[in-house]
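Structure, as structure tokens:
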Amino acid sequence: MTHPPLSNLRVAVHASGVAAAYAGRMLGGMGAEVVVVEPEGGTPLRREPPFLPGDGQVSALFAYLTAGASSQTCELTTETGQTALQALL
């Protein structure tokens, strides 16, 4: 059985915009482990309509772009957040 071409990589994506989140989606589709790095309170993409059916709190766009990814909160403007990002990488 063959492995996906990027199955040995971990990719950290700062999902502050659609383009970066989409890049993570594409890399994940090629087998990379994708970690979405978000600021405290989550990325603004989480609050973009349209929303999935239900409570209206889950952005369909964010759910699609981050499918299969894990999430890590890091406030990159602080030393603690930068240390957390370094540990992740």
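The values are calculated or read from the model by the stated rules, or taken from the named source; none is laboratory data. Since we're looking at a predicted model, the values are computed, not measured. All Cβ positions, glycine included, derive from the backbone under ideal geometry; neighbour counts span all protein chains shown. What goes into the accessible areas is simple: the full protein's heavy atoms, side chains included, and nothing from ligands, DNA or RNA. Shrake-Rupley method; radii C 1.70, N 1.55, O 1.52, S 1.80 Å.
Listing for the model above:
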| item | result |
| --- | --- |
| Of all accessible heavy-atom area on the chain, the percent that carbon and sulfur account for (1.4 Å) | 59 percent |
| Estimated vicinal HN-Hα couplings, Hz - region 23-37 in sequence order (Karplus 6.51, -1.76, 1.60; Gly, Pro = x) | 4, x, 4, 5, 5, x, x, 9, x, 5, 7, 10, 10, 8, 9 |
| Mean separation of Cα contacts under 8 Å, 6 or more apart, over the residue count of the chain: relative contact order % | 26 percent |
| Radius of gyration and maximum dimension Dmax of region 17-56, Cα, Å | 12.1, 32 |
| Amide N of region 42-56 lying under 17 Å from the label point, which is placed 7 angstrom from the Cα of Thr80 along Cα→Cβ | 42 |
| Tyr64-Ser16 pseudo-label distance in nm [points 7 Å out on the Cα-to-Cβ vector] | 2.4 nm |
| FRET efficiency, Leu88 to Asn8 (Cβ-Cβ, R0 25 Å, nearest 0.05) | 0.90 |
| Restricting region 27-89 to GluC sites (Glu not before Pro) in coil, as DSSP defines it, with at most 11 other Cβ within 10 Å | Glu40 |
| Under-5 Å amide H pairs with Glu38, H placed in peptide plane, nonlocal only | Gln72, Thr73, Cys74 |
| MRE, 222 nm, helices only [DSSP H, n ≥ 4, -39500 (n - 2.57), over the chain, to nearest 500] | -9000 deg cm²/dmol |
| Dipole magnitude of the chain, debye to nearest 20 (Cβ charges: Lys/Arg +1, Asp/Glu -1, about Cα centre) | 280 debye |
| Average accessible surface area per residue within the chain, 1.4 Å rolling probe, Å² | 64 Å² |
